[in-house]
Structures are given as C-alpha cells and as structure tokens.
Amino acid sequence: MRGWNPERVAQAAGARLLAPAPTRQGPERTTIDSREAAAGTLFVGLKGESTDGGRFAAQALAQGAWGILTTPEHAEAAKCAPPGALLAADDPLKALQRLATAWRRHLKAQVIGVTGSTGKTSTKDMLLAVLARHRRTVASRANLNTEIGLPLEILGAPEGTEVLVLEMAMRGAGQIAELAAIAEPDVGVIVTVGPVHLELLGTIEAIAAAKAELIAGLPPHGTAIVPANEPLLEPHLRSDIRTITFGPGGDVELMSADGPQVEIDCAGERIVLEVPFRQVHLRHNLLAVTAAAMVVGVRPEGRIEVALSAGRGEPAELSSGITLIDDSYNANPLSMRAALDFLAAIEPGRPAGRRIAVLGDMLELGPGELRYHEELGGYAHRAGVDMLVAVGPLSAATSAAFERAGGRETHTLADAAEAAELVPRLAAPGDVVLVKASRGVALELVCRALAGYSDEGTATAIPSDAPPRADRAAARDAGRADTSQ
C-alpha cells in the first residue's frame, strides 16, 4: 500500500484519521504484533482473549511504525507518542478486513481460495510451485488462514501480484463465508470433505455445507473445483458458475504414475509432470492444482519443485538409517488412512526393518471419536504396521483394536513426552517411522527426539528418483557409514 496516502488507507479501512503520517506515502506492510512494528509498518491493535493489542499502539509508534489502527480510546492515547498515522475504528478487526478487501481489488489479481478437511496446505504449496514459474504469485504462509491471518496475507501481497493463492480454514459454520467475503475469490478449490470438527458441527453433512460456503462466495461465472463423485457437495453446486471435478471419473484424472512422472488427463488434454513426492493423496491433490492452474491461464509442465510445509509427511532419511515420515502437523480419519497407505508403500531398509506407526489422538471428532480411533487400529493392521505406538487417551482404543486385529506389538503411552522418550529407543536402522496426530498432541516432540537420536539431528530428504529403500541401505552398509559422522 506504499502508493496510498494516509487518507486513502483510512477510507479503505472505514476508519477515522485522527492524525496523518509525517509522509504522504502509505505503509509497506501490516502487522498485529507490536514487536514487529518498525519503519513502514501499519500496526493493527486487536483485542484478544488475554490482552488488548491497542495498549501497545504508542509503543509501536515509538519503534518507528508508519501508523496504528486501533480503537478510538487507544488511538487518542497514542497522540502523545512520536508522529505517525492514527487510524481509529470501533472494530479494528473489521477495519483490517475491509482494508484487505480494498487492496485485493486494487491489485486486480486472480484469487484462488483453497479449503478442505485435509490437504489444503499441500495443495496451496503445490499451486505456488506451479504458478510462480509463469505468473507473479503470492500464497498464504504457514497457517495464516483465518479471519486474522488471511487479511494480513492479502495486505502482504506486493503491487504487481497477478495471482493470490489463499488457504481458508474453518472450525464452524459461517467462517469460510467470512473469509470468502474478504478475499472475493475467482476460483474455489475444495480438496476433501471428511470428519473434521465434528465436535462443533455435528454431522458430515454440516461439514460439507461449511466447506461449500466457498462455492457460495464465488462470483457469477467463477469456477469451483471439487472432488469427483462427492455427493455431499452436490446440493451446494451452482448453475451460474463453472464446476470442474477431479479424481477418478472426473474432468481431471490421473492416467498413470511411473516413479516421479505422472500423466494427467485434463479435460482431454494430456499433461505430463515430474513430481518429488510419491504419496497417493498428494498426487490426487495435484489434479486439483492442475485444474486451478489451467483456469488462471497456466498450463503445468515439467518438473514441479515444491517445498511442502513442515510436518506434512515428507519422508527423510536420518543418518541413523531410520526413515522418518514427519506428518505430525495435524490428523483426522481421512489423513490418517492416507498416511498409513504411504507408510505401507515404503519398503523398510533391511529385511528386519519394520514399519512403525506413532499415532496420537485425533481431536474434535465429537460423540463418535472412539469409533474413529478403533477403526484406525484395524486399518493400521491391514496396512502392514509392525509396531504401533499409541499416544493419548483416545488412542488407547486404536491400540486395543490393533491388537484385536492381530497386531504384533503395541505400546500405549499417555502423552508426547513419554513417546519422545520411548520411540528413539524402539526404532532401529532400517525402520520406517510414521509420526502423526492432531496438532494438540504435539508429536513433533517425537520427530525432534528421533532426529536428535541420529547424529545431532541430521536428516536428508529422499528424492523421488532414489533407488529402492533396501538398495540405499545396502549402499550405506557397503562403506558410506565410515564417512557419515
């Protein structure tokens, strides 16, 4: 917003300008953290559960901030601070959101909104990798996908941005609608619909309706990209927008996958890509990425260099000879099964190597939570898990079901701290270890413990064209161990 003067910023936010900035230029960036307030920064003081950010408005100005946007009382109090734009709004969050919408319109960028019960972050990451080679693209970072994070990401897009890829999260009804109203997406991608947040929404149909708020938020002649043959979304499709389906039987299908190379049929057009991942669910999400890219005028081609966000299931070979699949960021029944399928597809490093699944509680599943955990135990056995480490009170049901199904070895632990203590002692060279749970279980502690267990945490991502796991182990045994320290 550097090209906007203080009056225009205030007007766009629906705020009152109590004092102009010393400069006629606008802010370069926006933050809600006073510690990040510096020259060129607009600090927005939001009221949180435990503190009111507006109390730090004067401090932000003292640090050189371009200006502050907060409640009238805090803005008035900041008049005694060093000069800066003083913007007052009764609801600073709504003002922040209005400002973001105004900037989105000013950019005239194409906006792709991405949501789903699982896979929205990896889909966003892949979209950025595909689009950035052809268009000036900005994608939301990390988990900045809420009513606060999303407008900050829009405001962080520089002048000249051509495509905005925005992840949209929700925990209840109406939240995706709110995000869509802020971002005004041209394209809406719903990656999956599954049993997530049942504790708040109650039924899978309610979850589908909440995700479909993205479809409702599209403009006439916008484009919705949805899974093929998903009956839960059918009541929410619109006749005045274009709908593209992906997956088996859809408009965009996977024709073949041979090693890193995938062949995609995109509405009759053959697209061949080389990807650095082997997970079936990621290749499925790549179909949605292909569809969205084509809609905004980009034809995916060649090798897709994508850096998946941390904790999203990228396998890494630790120097101890253990292969770690760190999928600890979050979990639900759909993503747990996908992770177990991927674990089943990886060959252990040695004949005695094992597939170890460290699975923690899946949260917010409502009254049926025990049933989902029990079903997971049976699925883990069918997926060929040799050892199950269940972490948390709900996962005790997973452990019991695994044993009933014929599972050979189980360990039931109270929390992540116990798991971080035990798992490095259980795992051995040649083992493949999957770590996955809901975010609240904090199983990243286990991943750190495993990395620390192997030569001060060194780990190497496994390339998609690497030889089979057993061959890599043999090469290591043949002499690389002498130089690995």
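Can you name the residue in segment 77-122 that is at pLDDT below 90, surrounded by fewer than 19 Cβ atoms within 10 Å (Cβ to Cβ) and not hydrophobic (A, V, I, L, M, F, W, C) and, of all such residues, is nearest to Q63 (Cα to Cα)?
In this case the residue turns out to be P82.
Find all pairs meeting these conditions: Cβ atoms under 6 angstrom apart; at least six residues apart or on different chains; first residue within segment 165-184 and β-branched (V, I, T); second residue in a loop (DSSP other than H, G, I, E, B).
Every condition considered, the pairs that remain are I176/M168; I176/M170.
Just the residues that are part of a loop (DSSP other than H, G, I, E, B) and either touching a strand residue (DSSP E or B) at 6+ places or on another chain (Cβ under 8 Å) or among the aliphatic types (A, V, I, L, M) (or both), please, taken from segment 157-177. Write out each step before concluding.
Quick first cut of segment 157-177, residues part of a loop (DSSP other than H, G, I, E, B) only: 157-162, 168-174.
Result: A157, P158, T161, E162, M168, A169, M170, A173.
Please go through segment 393-419 and give me each residue that is aliphatic (A, V, I, L, M) and either over 23 Å from C447 (Cα atoms) or in a helix (DSSP H, G or I) (or both), ordered by number.
Keep residues of segment 393-419 that are aliphatic (A, V, I, L, M), which gives 394, 396-397, 400-401, 405, 413-414, 416-417, 419.
Answer for segment 393-419, where residues must be aliphatic (A, V, I, L, M) and either over 23 Å from C447 (Cα atoms) or in a helix (DSSP H, G or I) (or both): A396, A397, A400, A401, A405, A416, A417, A419.
If the requirement is being part of a helix (DSSP H, G or I), of a type in the set (D, E, K, R) and either modelled with pLDDT of 50 or more or closer than 27 Å to L334 by Cβ (or both), which of these qualifies: R425, R472?
Numbers: R472 fails: either modelled with pLDDT of 50 or more or closer than 27 Å to L334 by Cβ (or both).
The unique qualifying residue is R425.
For D326, work out the one condition from (1) modelled with pLDDT of 90 or more; (2) closer than 29 Å to T203 by Cβ it doesn't fulfil.
Among (1) modelled with pLDDT of 90 or more; (2) closer than 29 Å to T203 by Cβ, the lone unmet condition for D326 is (2).
Being under 18 Å from G26 (Cα atoms) and touching a helix residue (DSSP H, G or I) at 6+ places or on another chain (Cβ under 6 Å) is the filter here; which residues of segment 62-88 pass it?
I68, L69, T70, P82, G84, A85, L86, L87, A88
In segment 287-314, how many are in a loop (DSSP other than H, G, I, E, B) and under 23 Å from I112 (Cα atoms)?
Narrowing segment 287-314 to residues in a loop (DSSP other than H, G, I, E, B): 296-301, 304-313.
If we keep only those that are under 23 Å from I112 (Cα atoms) too, we end up with 296-301, 304-310, 312.
Going through segment 287-314 one residue at a time, the tally reaches 14.
If the requirement is being under 17 Å from L434 (Cβ atoms) and under 28 Å from the mean Cα position of the chain (by Cα), which of these qualifies: L370, L334, L365? Reasoning before the result, please.
On the way: L370 fails: under 17 Å from L434 (Cβ atoms); L365 fails: under 17 Å from L434 (Cβ atoms).
None of the other options fit; the residue is L334.
This table checks each residue for (1) under 22 Å from C266 (Cβ atoms); (2) among the acidic types (D, E); (3) modelled with pLDDT of 95 or more.
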| residue | (1), (2), (3) |
| --- | --- |
| I207 | no, no, no |
| K211 | no, no, yes |
| I215 | yes, no, yes |
| H221 | yes, no, no |
| V226 | yes, no, yes |
| N229 | yes, no, no |
| L237 | yes, no, yes |
| D240 | no, yes, yes |
| F246 | yes, no, yes |
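Among the strands (runs of 3 or more DSSP E) confined wholly to segment 178-283, which include 1 or more residues that are closer than 26 Å to M336 by Cα and touching a Gly at 6+ places or on another chain (Cβ under 6 Å)? Steps first, answer last, please.
Values: elements: 187-190, 223-227, 242-246, 252-258, 261-266, 269-274.
Filter on segment 178-283 gives 187-190, 223-227.
Can you find a residue in segment 338-346 that is modelled with pLDDT of 90 or more, more than 18 Å from S256 (Cβ to Cβ), surrounded by 21 or more Cβ atoms within 10 Å (Cβ to Cβ) and within 15 Å of the chain's Cα centre (by Cα)?
No, segment 338-346 contains no residue that is modelled with pLDDT of 90 or more, more than 18 Å from S256 (Cβ to Cβ), surrounded by 21 or more Cβ atoms within 10 Å (Cβ to Cβ) and within 15 Å of the chain's Cα centre (by Cα).
Output the residue which, of all residues in segment 315-342 that are assigned to a helix (DSSP H, G or I) and small (G, A, S), is farthest from I356 (Cα to Cα).
Restricting attention to segment 315-342, the residues satisfying the condition of being assigned to a helix (DSSP H, G or I) are 333-342.
Right, trim to small (G, A, S) and you get 335, 338-339.
Details: S335: 17, A338: 15, A339: 12 Å.
Filtering first and then ranking leaves S335.
Which numbered condition in (1) out of contact with any Asp or Glu (no Cβ under 9 Å at 6 or more places or on another chain); (2) touching a residue at least 24 places away in the same chain (Cβ under 8 Å); (3) not in a helix (DSSP H, G or I) is the only one that L434 fails?
Condition (1) is where L434 drops out.
Residues are listed down the side, and each one gets a yes or a no for (1) surrounded by fewer than 16 Cβ atoms within 10 Å (Cβ to Cβ); (2) out of contact with any strand residue (DSSP E or B) (no Cβ under 6 Å at 6 or more places or on another chain); (3) modelled with pLDDT of 95 or more:
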| position | (1), (2), (3) |
| --- | --- |
| R350 | no, yes, no |
| G368 | yes, yes, no |
| L388 | no, no, yes |
| V391 | no, no, yes |
| S399 | no, no, yes |
| A419 | no, no, yes |
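Can you name every residue in segment 218-255 that is closer than 18 Å to T192 by Cα and of a type in the set (G, A, S)?
A224, A228, G247, G249, G250
Can you tell me which residues in segment 274-308 are of a type in the set (G, A, S) and crowded, with 18+ Cβ neighbours inside 10 Å? Steps first, please.
Start the filter on segment 274-308 by keeping residues that are of a type in the set (G, A, S), which leaves 288, 291-293, 297, 302, 307.
Matches in segment 274-308: A288, A291, A292, A293.
Do the conditions hold for E364, that is, is it among the charged types (D, E, K, R), modelled with pLDDT under 95, surrounded by fewer than 23 Cβ atoms within 10 Å (Cβ to Cβ) and closer than 19 Å to S328 by Cβ? Step through it out loud before you land on a result.
Working: among the charged types (D, E, K, R): yes; modelled with pLDDT under 95: yes; surrounded by fewer than 23 Cβ atoms within 10 Å (Cβ to Cβ): yes; closer than 19 Å to S328 by Cβ: yes.
Yes: the conditions hold for E364.
For I68, are the conditions met, namely being at pLDDT 90 or above, surrounded by 19 or more Cβ atoms within 10 Å (Cβ to Cβ), touching a strand residue (DSSP E or B) at 6+ places or on another chain (Cβ under 7 Å) and within 15 Å of I148 (Cβ to Cβ)? Talk me through it step by step, then tell me what you get.
On the way: at pLDDT 90 or above: yes; surrounded by 19 or more Cβ atoms within 10 Å (Cβ to Cβ): yes; touching a strand residue (DSSP E or B) at 6+ places or on another chain (Cβ under 7 Å): yes; within 15 Å of I148 (Cβ to Cβ): no.
No.
Could you go through segment 229-246 and let me know if any residue there is in contact (Cβ under 8 Å) with a residue 12 or more places away in the chain and hydroxyl-bearing (S, T, Y).
yes
The values are calculated or read from the model by the stated rules, or taken from the named source; none is laboratory data. Just so it is clear, the structure is predicted and the values come from calculations on it, not from any experiment. Glycine gets a Cβ as well: all are built from the backbone with ideal geometry, and neighbour counts include every protein chain shown.
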